[in-house]
Each structure stands twice: as C-alpha cells, then as structure tokens.
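Just below is one structure, and these are the notes that go with it.
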Amino acid sequence: MIKKTLLRIIILSVLPASFLSAHAAEKPERIVSLSPNLTHMIYALGELDKVVGVTLYSDFPPRAKELPSVGGWINPNYEAILALRPDLVILMRDQDTIFGAKIRELGLKTLVTDSNDSVKDILKTITLLGEVLGKGAEAERIVSDIESTLDRIRRSTDGVPRKKVLLVVGRNPGTLEDIYAIGRNNYINELIELAGGENAVENTRLSIKITKEAVLTLDPDVIIEINHEKFDKEAEILGIWSTLGQSRAVRDGQVYILPSTVVLHPSQTIVEGAKVLTEVLHPELKDNHANDY
C-alpha cells in the first residue's frame with residue numbers, strides 16, 4: 001500500500017502545474033484520446049463515455065469504432081479536435097514531441113503520458129489516467145491484477161529452456177521480403193522473456209528490417225508473425241513461410257500467426273499477450289501450471 005501511495009505522489013508531482021491547477025477539483029468530461037491504447041485504458045477504467053473523439057484504428061473496445069475520428073496517430077486533424085470541444089486532450093510523449101505544442105496553442109489542455117518502452121511505462125500510464133479521471137481505486141486494482149498475473153507467468157517459466165524467438169510485425173504481402181522484426185528495447189521483448197523466450201534479434205531498436213537470408217542466419221527456434229489477417233489467411237501466411245524450409249522453425253513446424261490485438265496493444269491486454277506467448281513457446285506449461293496463469 002505504501003508503494004502504491006508513493007507512486008501516486010510521484011505521478012502527481014510530475015504533472016504540469018497548469019494541468020493540476022485547472023483540474024484539481026474537477027474531472028474532464030469531454031476527452032479526445034489520441035492513441036488507441038489510451039482509449040482502451042480509459043475504457044478499462046469505466047470512463048469511455050467521456051471520450052468524444054479518437055484516432056484512426058481505435059477498434060478496442062468495439063464501441064470505440066463508433067466514436068468520431070480526429071485523424072491519424074502522427075497527423076491528427078486539429079479542426080476536428082477543436083470541433084469536439086474537449087476539456088482534455090490525452091496523448092503520448094512521442095506524439096507530444098511532434099505536435100503537442102500545436103494543440104496547446106489552440107487553447108486546449110493536454111495530458112501527456114509515457115510512451116510504451118516498457119511494461120512499467122504501461123502500468124504507470126494506467127495509474128496516471130486513474131488519478132486524472134477520478135478512478136484511482138480502479139486503476140490500482142487493474143495494475144495490481146496485471147502485476148500479479150505477470151509475476152505468476154514469470155514464475156511458471158522460471159528454469160524452462162529458453163527458446164529463441166523471431167517476432168515479425170510486418171513484411172511485403174505475399175512474400176518474405178522486407179521483414180520487420182521486433183528488437184529488444186520495448187515491452188514486447190519483455191513479454192517474450194517473461195513467456196520463456198529469448199529474442200533472436202539483438203538490436204535495441206523497436207524493430208528492424210531484415211531479409212529472409214537474415215532469418216536463416218538468426219535461426220530462431222520459433223517464428224511468430226503478428227498479422228491482423230490471421231483469421232482470414234492463416235493457411236496462406238503459413239504457406240509463404242513454408243518456402244523457407246531451411247529455417248529450423250519452419251522445418252520443425254514452429255511458425256505461429258497471432259492477431260495484432262494480442263501483442264501489439266500496449267494496454268491492460270499485455271496480460272493476454274503474455275499468456276498467449278507462453279502457450280506458444282511452452283505449451284507443456286498450460287496443463288502443469290493452469291492455475292498460475
């Protein structure tokens with residue numbers, strides 16, 4: 001309890017003074033959320049009804065797709081944002097670097113959250129949103145549930161053989177050209193390690209472009225492709241990977257296709273992402289440790 005109280009104090013202490021003075025005694029009633037993961041966190045806190053505008057690809061939860069769109073993640077439509085008369089615009093630190101000042105020049109109040117470089121960042125953002133939206137208790141519960149579940153998964157994979165994983169997030173459709181794989185400086189890498197894996201890519205960038213020849217050099221035990229078309233084209237996608245028969249993962253039948261919502265959604269769904277990755281990498285744990293996760 002002391003730890004959580006200190007976290008609240010730290011979060012409140014780093015909020016801009018202008019935000020604190022304007023909102024010390026009131027909660028925002030009209031919110032524009034400029035990132036899909038933020039919208040999903042707000043939903044988890046029970047405040048989606050306060051959201052009046054979102055960015056493109058905000059489809060989590062499904063109700064978010066019905067909200068007015070204010071443009072893209074890096075190129076929002078300022079006129080559309082103004083037209084919604086928000087009393088708070090919530091955006092991420094990377095976005096703030098690009099266009100946050102412009103939004104404030106329009107006379108709008110902003111709340112800037114951390115980026116998604118780590119699981120810690122995600123949990124910190126949930127806590128911050130809970131404080132700002134008057135949902136501190138709910139945020140505390142969500143964060144506690146995430147931490148305890150991830151800890152159980154971590155303990156369940158402790159001591160298991162580490163499988164080398166290539167996690168692919170993009171490539172040229174229909175080919176194995178311009179393959180984009182996740183690097184090590186991000187929360188997804190944390191989930192891979194938590195699930196009993198080791199990233200085959202040692203680069204510390206968020207993602208890197210590699211060739212199919214590089215896949216052979218990396219020689220992963222498991223290849224996981226994140227693809228939003230999984231349910232429509234899984235057989236076709238697996239067929240494309242089967243052309244790389246020299247790869248250990250392909251040869252051993254260790255190529256998996258996962259939907260984008262499972263791993264690439266940096267919100268409370270990281271728990272689901274960790275569970276799915278664990279089931280892929282160590283299916284033997286599902287029966288032995290069913291109660292752990």
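The values are calculated or read from the model by the stated rules, or taken from the named source; none is laboratory data. For clarity, every value in this text was computed on a predicted model and none was experimentally measured. Quick reminder, even Gly has a Cβ in these numbers, built from the backbone with ideal geometry, and neighbours come from all protein chains shown.
Some points to look at:
- Here is the figure for the stretch 64-80: residues that are exposed (fewer than 14 other Cβ atoms within 10 Å of the Cβ) and farther than 16 Å from F99 by Cβ total 3.
- Screening L277 against (1) part of a helix (DSSP H, G or I); (2) without any contact (Cβ under 8 Å) to a residue 60 or more places away in the chain; (3) not β-branched (V, I, T) leaves a single unmet condition, (2).
- Filter pass, T204 being more than 22 Å from S35 (Cα to Cα), of a type in the set (V, I, T) and surrounded by fewer than 19 Cβ atoms within 10 Å (Cβ to Cβ): yes
- Scanning the stretch 177-200 for residues that are small (G, A, S) and either assigned to a strand (DSSP E or B) or not assigned by TED's automatic domain parsing to the domain that holds V250 (or both) returns A181, G197.
- Checklist (1) closer than 28 Å to R205 by Cβ; (2) assigned to a loop (DSSP other than H, G, I, E, B); (3) touching a strand residue (DSSP E or B) at 6+ places or on another chain (Cβ under 9 Å) applied to F60, failing item: (3)
- Of the helices (runs of 4 or more DSSP H) contained entirely in the stretch 88-176, those carrying at least 2 residues that are surrounded by fewer than 17 Cβ atoms within 10 Å (Cβ to Cβ), of a type in the set (S, T, N, Q) and out of contact with any Phe, Trp or Tyr (no Cβ under 9 Å at 6 or more places or on another chain) fall at 136-157.
- Of all residues making up the stretch 35-57, the number that are of a type in the set (A, V, I, L, M, F, W, C), touching a Gly at 6+ places or on another chain (Cβ under 8 Å) and under 15 Å from G71 (Cβ atoms): 1
- Filter pass, I237 being more than 20 Å from Y57 (Cβ to Cβ) and assigned to a helix (DSSP H, G or I): yes
- Within the stretch 69-93, the set of residues being farther than 14 Å from K50 by Cβ and of a type outside the set (A, V, I, L, M) comprises S69, G71, G72, W73, N75, P76, N77, Y78, E79, R93.
- Pairs with Cβ under 6 Å, 6+ apart, first in the stretch 168-190 and more than 16 Å from L258 (Cα to Cα), second among the basic types (K, R) and assigned to a strand (DSSP E or B): D178/K209
- Any chance V160 is closer than 20 Å to D96 by Cα and more than 17 Å from the chain's Cα centre (by Cα): no
- When restricted to residues that are touching a residue at least 60 places away in the same chain (Cβ under 8 Å) and within 25 Å of L285 (Cα to Cα), the stretch 191-240 contains 6.
- Lone unmet requirement of (1) crowded, with 19+ Cβ neighbours inside 10 Å; (2) on the phi < 0 side of the Ramachandran plot for H228: (1)
- Residue match in the stretch 19-33 (condition: within 19 Å of A139 (Cβ to Cβ), within 23 Å of the chain's Cα centre (by Cα), modelled with pLDDT of 95 or more and not aromatic (F, W, Y)): yes
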